[in-house]
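Q: Pasting a structure here, questions to come.
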């Protein structure tokens with residue numbers, strides 16, 4: 001019996017031009033980490049992630065970019 005392994009994120013980390021900056025990610029507050037994690041899984045939109053992180057959209061997007069997390073369209 002073959003089990004299908006579900007990908008953790010909507011993107012394949014091995015195909016990113018630059019790897020996610022996990023060192024920077026781990027310095028963020030738990031609230032922001034949780035919002036980014038849900039966003040990376042594709043469970044929530046950027047707008048919902050902003051609400052969870054309780055940050056302005058531009059600030060959250062800057063953090064996302066600095067962590068090198070790709071945009072989900």
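Q: Specify the angular offset, from 0 to 90 degrees and rounded to the nearest 10, of the alpha carbon long axis of helix 57-66 from the longest principal axis of the alpha carbons in the chain.
A: The angle comes out at about 50 degrees.
Q: Would you mind ranking 51, 23 by Cβ crowding within 10 Å, fewest neighbours first? Before the final figure, lay out each step's value.
A: Numbers: 51 14, 23 8.
Going from sparsest to densest Cβ surroundings: 23, 51.
Q: On to the next question. Hey, can you rank 52-60, 36-44 by average C-beta count inside 10 Å, highest first? Please report the intermediate quantities before stating the final value.
A: On the way: 52-60: 15.0, 36-44: 17.2.
Peptide ranking by packing, descending: 36-44, 52-60.
Q: Taking every pair of alpha-carbon atoms in segment 21-66, give the share separated by more than 13 Å as a whole percent.
A: Values: 489 of 1035 pairs.
Value for segment 21-66 (Cα pairs over 13 Å): 47 percent.
Q: So if we plug the beta-carbon distance of residue 57 and residue 21 into 1/(1 + (r/R0)^6) with R0 = 22 Å, what FRET efficiency do we get, rounded to 0.05? Numbers along the way, then the final one.
A: Numbers: r = 20 Å, r/R0 = 0.93.
Plugging the Cβ-Cβ distance into 1/(1 + (r/R0)^6) gives 0.60.
Q: Taking only Cα atoms, what is the 0 to 90° angle, nearest 10, from helix 30-41's long axis to the longest principal axis of the chain?
A: The angle comes out near 40 degrees.
Each value in this text was obtained by applying a stated rule to the coordinates, not by laboratory testing. This one's a predicted model, so the numbers in the text were calculated from it and none came from an experiment. Heads up, the Cβs are rebuilt from the backbone with ideal geometry, glycines too, and the neighbour counts pull from every protein chain shown.
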